[in-house]
Amino acid sequence: MVTWLGLSAYFLIRLSHFSIEADIKIEQVRGKEKMNVTLWIVQIILAAGFVYSGWMKTIRIESSKKTWAWVNDVPKSLVVLIGIAELLGALGLVFPWALNITPVLTPIAAIALAVVTMLGMLFHIRRKEYRELGVNIFFIVLALIIAFGRL
């Protein structure tokens, strides 16, 4: 009788151990799914911001001269080049990961956009345009979240 109780207790403990491990694995999967959804939201927000900014610098350059004072003081070709880099970066944030074609390009695009934004921030600091820094910091933080989240 003691042996039977001992064996039953042993098997119950082993079964509960497997149940706990399964629960932990389920929670890990749920956590990864939530992180993936969060990263997608951040990627879409950041891509939309860079599409808008790149669009203004490449297609609507006359309108951007009214919106951003610095555009009047910089060669048009440089403004267009920055806009093209932002548009390509926005595509790089979304498509490689979404299509699962070289998904490593997504964190690389995020890092590249963080660098472009950092350079823009330094440019604004040099010109004492402190009002522009908030957007730059916001974009840098989002880009770094994507870069480290997708590595």
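The values are calculated or read from the model by the stated rules, or taken from the named source; none is laboratory data. From a predicted model like this one, the values you see are computed outputs, not experimental measurements. Heads up, the Cβs are rebuilt from the backbone with ideal geometry, glycines too, and the neighbour counts pull from every protein chain shown. With ligands, DNA and RNA removed, areas are computed over all heavy atoms of the protein, side chains included. Shrake-Rupley method; radii C 1.70, N 1.55, O 1.52, S 1.80 Å.
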Open item on the list: Suppose the filter is in a helix (DSSP H, G or I), open to solvent by less than 60 Å² (accessible area, probe 1.4 Å) and among the polar types (S, T, N, Q); does Ser64 pass it?
Closed with: yes
Open item on the list: Pairs please, first residue from the stretch 67-83 and charged (D, E, K, R), second anywhere and not in a loop (DSSP other than H, G, I, E, B), Cβ atoms under 9 Å, 6+ apart in sequence or on different chains.
Closed with: Lys76/Ile61
Task: First in the stretch 89-108 and free of Cβ contacts under 8 Å to residues at least 24 places away in the same chain and more than 10 Å from Gln43 (Cα to Cα), second anywhere and assigned to a helix (DSSP H, G or I) and polar (S, T, N, Q), Cβ under 6 Å, 6 or more apart - done: Pro96/Thr106
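So, in the stretch 102-111, how many residues would count as being open to solvent by 50 Å² or more (accessible area, probe 1.4 Å) and assigned to a helix (DSSP H, G or I)? Walk me through it before giving the result.
Within the stretch 102-111, the first condition is being open to solvent by 50 Å² or more (accessible area, probe 1.4 Å), and the residues that meet it are 102, 104-105, 108, 111.
Remaining after also requiring assigned to a helix (DSSP H, G or I): 105, 108, 111.
Adding up the residues that qualify gives 3.
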Task: Enumeration of residues in the stretch 82-101 that are in contact with a Pro (Cβ under 9 Å, 6 or more places away or on another chain) and open to solvent by 70 Å² or more (accessible area, probe 1.4 Å) - done: Trp97
Open item on the list: It is to be established whether one or more residues within the stretch 133-151 are open to solvent by less than 40 Å² (accessible area, probe 1.4 Å), over 19 Å from Ile41 (Cα atoms) and modelled with pLDDT under 95.
Closed with: yes
TODO: Can you tell me which residue within the stretch 116-131, out of those that are free of Cβ contacts under 8 Å to residues at least 24 places away in the same chain and in a helix (DSSP H, G or I), is least open to solvent (accessible area, probe 1.4 Å)?
DONE: Met121
